[in-house]
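Reading through the structure tokens given below for one structure.
Just so it is clear, none of the values below were taken in a lab; they were calculated from the coordinates. Note that the structure is a prediction, hence the values are computed from the model and not measured. All Cβ positions, glycine included, derive from the backbone under ideal geometry; neighbour counts span all protein chains shown.
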Amino acid sequence: MKYKIFAGLVSLGLLTIAAQAQEGNHSDATVSAIGSFEQSTNGNGVNQSANNAAGVLFTYRYFFTNHQGVELDYGFSRFNQQYSSSNALTPFSLSVPANTNEATASYVFRYGIGHRLTPFLTAGTGALVFVPDSFTSGGATGSKFATPDFVYGAGADFAVSKRVSLRLGYRGHIFEAPDFGVPGIRTGSVTHLAEPFGGLSFHF
């Protein structure tokens, strides 16, 4: 009899764990509009900045518990990267239009407040790839520039229905300023990109 009770308790425990795991297994896909604001920097006698730009961000999230998960992101925007001399004796100015691609993977922690509001935090890494329009400077031809990217973020989901929510948030990127393989415009500096976003999430 005691073995039947024990077996029943074990079975109940396993079913409970399975149910909790099933409840925590959750995916969503999000399409967001982004604003991109790159910090100015300088080094090696070169000032580097970029115009503010808009873009799009695609996100997929998978939660392996109710609170913890992972996300994959791909973003696209287009900047004019701008360079000038910080030395009055050797002035120059250069503007380089470039497509910017971001691909990152992050850890996500979320915590629901009430029935509709779910704040979240993210941190991860990936790459930024800057693809310039054709240009030449100082005898060197510009080329694609790829750099490691540390990304962090915060935001919240606001439930519209069981399957749809509004997502608002902020992502910050820390990376090496692009030089497109041209020594004359290399700053060798680390810069920061601020990226507020807003979009719709679809849960499944």
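Listed values, structure above:
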item: Label-reachable residues, segment 162-187, where backbone N falls under 14 Å from a point 7 Å from Ser143's Cα toward its Cβ; result: 179-183
item: Taking the C-alpha atoms of segment 63-129, convex hull volume expressed per residue in Å³; result: 134
item: Volume of the Cα convex hull of segment 25-203, divided per residue and given in Å³; result: 92
item: In Hz, Karplus ³J(HN,Hα) per residue of segment 28-44 (6.51, -1.76, 1.60; θ = phi - 60°; x = Gly, Pro); result: 8, 10, 10, 10, 10, 8, 10, x, 10, 10, 8, 6, 6, 8, 7, x, 6
item: Among 97-104, 42-49, the order from most to least packed when residues are scored by Cβ within 10 Å on average; result: 97-104, 42-49
item: Segment Gln68-Tyr111, extension gain: residue separation times 0.36 nm, minus the distance between their alpha carbons; result: 14.6 nm
item: For segment 117-204, average projected area of the Cα convex hull in nm²; result: 7.0
